[in-house]
1. When the residues of region 54-83 are filtered to those that are β-branched (Val, Ile, Thr), under 12 Å from the mean Cα position of the chain (by Cα) and assigned to a strand (DSSP E or B), which remaining residue is surrounded by the fewest Cβ atoms within 10 Å (Cβ to Cβ)?
2. Could you list all residues from region 115-126 that are of a type outside the set (D, E, K, R) and without any contact (Cβ under 8 Å) to a residue 12 or more places away in the chain?
3. Step by step: first the residues of region 83-114, then only those that are free of Cβ contacts under 8 Å to residues at least 12 places away in the same chain and not small (Gly, Ala, Ser), then the one that is nearest to Gly60 (Cα to Cα). Which residue is that?
4. Quickly run through region 120-151 and pick out the residues that are among the hydrophobic types (A, V, I, L, M, F, W, C) and either more than 23 Å from Gly74 (Cβ to Cβ) or assigned to a loop (DSSP other than H, G, I, E, B) (or both).
5. For Gly108, state whether it is modelled with pLDDT under 95, more than 20 Å from Asn30 (Cα to Cα), surrounded by fewer than 20 Cβ atoms within 10 Å (Cβ to Cβ) and more than 15 Å from the chain's Cα centre (by Cα).
6. Ser48: under 19 Å from His94 (Cβ atoms), touching a residue at least 24 places away in the same chain (Cβ under 8 Å) and either in contact with a helix residue (DSSP H, G or I) (Cβ under 7 Å, 6 or more places away or on another chain) or exposed (fewer than 15 other Cβ atoms within 10 Å of the Cβ) (or both), yes or no?
7. Give the number of residues within region 84-97 that are in contact with a Gly (Cβ under 6 Å, 6 or more places away or on another chain) and either closer than 13 Å to Val34 by Cα or part of a strand (DSSP E or B) (or both).
8. Looking at region 111-132, which of its residues are loosely packed, with under 14 Cβ neighbours inside 10 Å, modelled with pLDDT under 95 and not polar (S, T, N, Q)?
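The values are calculated or read from the model by the stated rules, or taken from the named source; none is laboratory data. Every value quoted in this text rests on a predicted model; they were computed, and no experiment measured them. Please note: Cβ atoms are built from the backbone with ideal geometry, for glycine as well, and neighbour counts cover all protein chains shown.
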Amino acid sequence: MQWNISKIALLSAISSFVIPTIAQANPVSNLTVVVGGLQNQQGQVCVSLFANSQGFPDRGDRAVRAQCVPVAKGQTAVTFRNLALGNYAAAVFHDRNGNGVLDRNFLGIPKEGFGFSRNPTIRTGAPKFSEVAVFIAGTANTAQVQLQYLLGG
């Protein structure tokens, strides 16, 4: 088979469409979790990001990402970069004493502020993953989380 200029030009044109599509096969996104409702500026804000219900919300070792940042004036933001597209749920707490744990009283009630993506109403326990999951697509995404304090700030 002989290659002539028209066949080479055709292959070149086809590859210009195929190669960028292949390069975009694994797109990634960023998610910024903006935390409001902090009752004081002590300690840090910790966010665990889960990609499924396994371990959600209190098994941080099962989170796909976790990060703690110092409390900022007003709202505190935590950004997770290079996430695969998909559903994620954020579990957040205000770690007032900086021990890296959501402190609870003897009944198991949180003594520090906490919240979840999509801000569900908390009744008798933590929400299900499916109730708080947000779909991440595009390059930049934001989830607002309003903290709740059951035993004061």
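1. Top of the filtered list is Thr79.
2. Across region 115-126, the qualifying residues are Thr121, Thr124, Gly125.
3. That would be Val101.
4. Scanning region 120-151 gives Ile122, Ala126, Phe129, Val132, Ala133, Phe135, Ile136, Ala137, Leu147, Leu150, Leu151.
5. Answer is yes for this residue.
6. yes
7. 3
8. Arg123, Gly125, listed by residue number.
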